[in-house]
Amino acid sequence: MKNSPLKTYLAEVSAEKINTAFVSYIANLEQVAQVGPEIAASIVKELEAQRTHLKLIASENYCSLNTQAAMGNLLTDKYAEGFPSHRYYGGCENIDDIESVAAEEAKALFGAEHAYVQPHSGADANLVAYWAILSAKIEAPVLEKLNETNLANLTDEQWADLRVSLGNQKLLGLDYYSGGHLTHGYRQNVSARMFDAHSYTVSKETGLLDYDAIEKQAMEIKPLILLTGYSAYPRAINFRRFREIADKCGAVLMVDMAHFAGLVAGKVFTGDEDPVKWADVVTTTTHKTLRGPRGAIVLCKAAFTDYVNKGCPLVLGGPLPHVMAAKAIAFKEARTPAYQDYAKSVRDNARILAAELQNLGMTIQTGGTDNHLMLINVTQFGLTGRQAETAMSECGMTLNRNSLPFDPNGAWWTSGLRIGTPAITTLGMGPAEMKEIARIIKLVLFASKPGKTDKGVASKGRVVVDEDAKTEAIAAVNALLGKFVLYPELDLEFLKKSFC
Ligand SMILES: *Cc1c(COP(=O)(O)O)cnc(C)c1O
């Protein structure tokens, strides 16, 4: 970097035309480039990659430049274990303010009785929730009997007894193949080892939740935690019905709304479909439909407040104050009418895209969607999900393969593609673009054939896409992205010239 890109920009542009978001981007990159020019270059190249690929990943989004700005600063330097006005470190007054604002904004956004905004990720938030529930329901009554409040004061014998009573508690969540998350009792995850984990599935015939069957299973198992909220279920969930089941079998009702929290925040899901109203404990990521920074939160009813607040030291170390600041900004953004319009468009777009894909001859799991995502069954094309994912990627579309319920191709190859509308809706796309995207997806899938390994045997991973179709699809994707530019405030050509 020979000259200062910031000085160059300011010299070139007239005062009225200075774009502050762009200025701050250049200034940031300039700082980064002084130490790691290759890192600054990668940031610019990632902007270019994001601008030139159609993002159909259901779990991703684009957070605002305001939210990004709140993350890149000295707040990262602070340790703040504990919670506001109850810290294990000195000098946390400003962090107290930031965390309190973020928590109050989250409570107001979701109508929650309590919000804990420290978890670093959705997986962490679920661990906080699990241990808060174990503490409240299993540990607290034991301590009360012993007339003790501090675990450190227990004798070794009392501690051993308590540990036995914590183990073997039952968790009942949705099976991974039916759309549940790894952290909901999947064997490869700690959740299946800290709990006696059980799972329900969707109906084999309809692909939908069968509430009566879940109730029957819950009455047999009598879980400590009944868990709902999923990663790959395209339909609305009746949380009032889940509340009834939990009450009947004596379970704590926990909802993991990581995927669809934006639709709750944007008032698309209300009444029976509002998890915060019905559940004891709700967890969510903040970076999916919600469109905030990478992170998570836990919401709960007042009875769980003291236990959830002990997320640190229970499972977390220090919080990330810079990310809590960014969460506060994102929650404020989500409390606007503009965000509610966005959330409605996310669902409208998903419905239009799913309907159009079906019109064009593709098979959509459950026949449609009520939320931001849908699953295409690609077996009709003789492809695995992995092959279909690669074919789409070669044509400029980023998405992920996903197993379908009872998937014969397993969790690695899979039979499905998961498609989501949160990111393309943030770009401003609407019904006409959904129809165009459906046309492009059809073009690619109908032009893809399973490939062969180097030894000439059929491969489950390799795919061959007809060259003409590929050229046409890439041109169509570029035409769309040319009209809906990511972060239009940022002049990519200037950034490339300056940092790459
Ligand atoms: C994405 C997701 C998570 C995990 O979030 P991370 O931030 O990746 O840890 C947890 N639960 C559900 C339902 C999810 O979809």
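The table below gives the values:
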quantity: Three semi-axes of the equivalent ellipsoid, the chain, Cα gyration tensor, whole Å, largest first; calculated: 39, 33, 20
quantity: Alpha-carbon centroids, segment 422-495 and segment 303-349: separation in whole Å; calculated: 32 Å
quantity: 13 Å beta-carbon shell around Ala136, net charge (K/R +1, D/E -1); calculated: -1
quantity: Calculated P(r) tail over 24 Å for segment 286-394, as whole % of Cα pairs; calculated: 51 percent
quantity: Shape call, segment 377-497: gyration tensor on alpha carbons, a/c limit 1.5; calculated: prolate
quantity: Separation in nanometres of the label points that stand 7 Å from Cα toward Cβ, at Glu46 and Leu360; calculated: 3.0 nm
quantity: Relative contact order of segment 277-378, pairs being alpha-carbon contacts under 8 Å that are 6 or more residues apart, as %; calculated: 18 percent
quantity: Net charge contributed by nearby residues that have their C-beta within less than 14 Å of Leu314 (K/R +1, D/E -1); calculated: -3
quantity: Ranked Glu356, Glu48, Glu99, criterion: other C-beta atoms within 10 Å, fewest first; calculated: Glu48, Glu356, Glu99
quantity: Overall form of segment 413-478 per C-alpha gyration tensor (a/c, 1.5; a/b vs b/c); calculated: prolate
quantity: D (Stokes-Einstein, µm²/s), Kirkwood Cα radius, segment 18-71, 0.890 mPa s at 25 °C; calculated: 194 µm²/s
quantity: Sequence of Trp413, Trp159 once ranked by neighbouring C-beta atoms within 10 Å, starting from the fewest; calculated: Trp159, Trp413
quantity: Members of Lys216/Lys277; Lys248/Lys277; Lys216/Lys248 lying beyond 21 Å, as alpha-carbon distances in this model show; calculated: Lys216/Lys277
quantity: Protection proxy ranking of 5-15, 125-135 - average other beta-carbon atoms within 10 Å, highest first; calculated: 125-135, 5-15
quantity: Neighbourhood net charge (13 Å Cβ-Cβ; Lys/Arg +1, Asp/Glu -1) for Thr453; calculated: +3
quantity: Relative contact order computed over the chain (Cα-Cα under 8 Å; 6+ residues apart), in percent; calculated: 21 percent
quantity: Linear extension gain, Ala15 paired with Asn147, 0.36 nm per residue minus alpha-carbon span; calculated: 40.6 nm
quantity: Segment 119-195 and segment 37-72: distance between their alpha carbon centers, rounded to Å; calculated: 36 Å
quantity: Kirkwood-based Rg to Rh ratio, segment 74-334, C-alpha trace; calculated: 0.97
quantity: Mean separation of Cα contacts under 8 Å, 6 or more apart, over the residue count of segment 74-334: relative contact order %; calculated: 29 percent
quantity: Backbone HN-Hα couplings from phi across segment 118-135 [Karplus 6.51/-1.76/1.60, Hz, Gly and Pro as x]; calculated: 8, x, 7, 7, x, 5, 4, 4, 5, 5, 4, 5, 4, 6, 5, 5, 4, 5
quantity: Within straight-line cross-link reach of Lys78, aspartates and glutamates at Cα separation under 17 Å, skipping those fewer than 8 residues along the same chain; calculated: Glu93, Asp96, Asp97, Glu99
quantity: Overall form of segment 223-375 per C-alpha gyration tensor (a/c, 1.5; a/b vs b/c); calculated: oblate
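Throughout, read-outs are computed from the coordinates displayed, never taken from laboratory work. A quick note: this is a predicted structure, and the numbers were derived from the prediction, not measured. Using ideal geometry, Cβ is built from the backbone for each residue, glycine included, and neighbour counts are taken over all protein chains shown.
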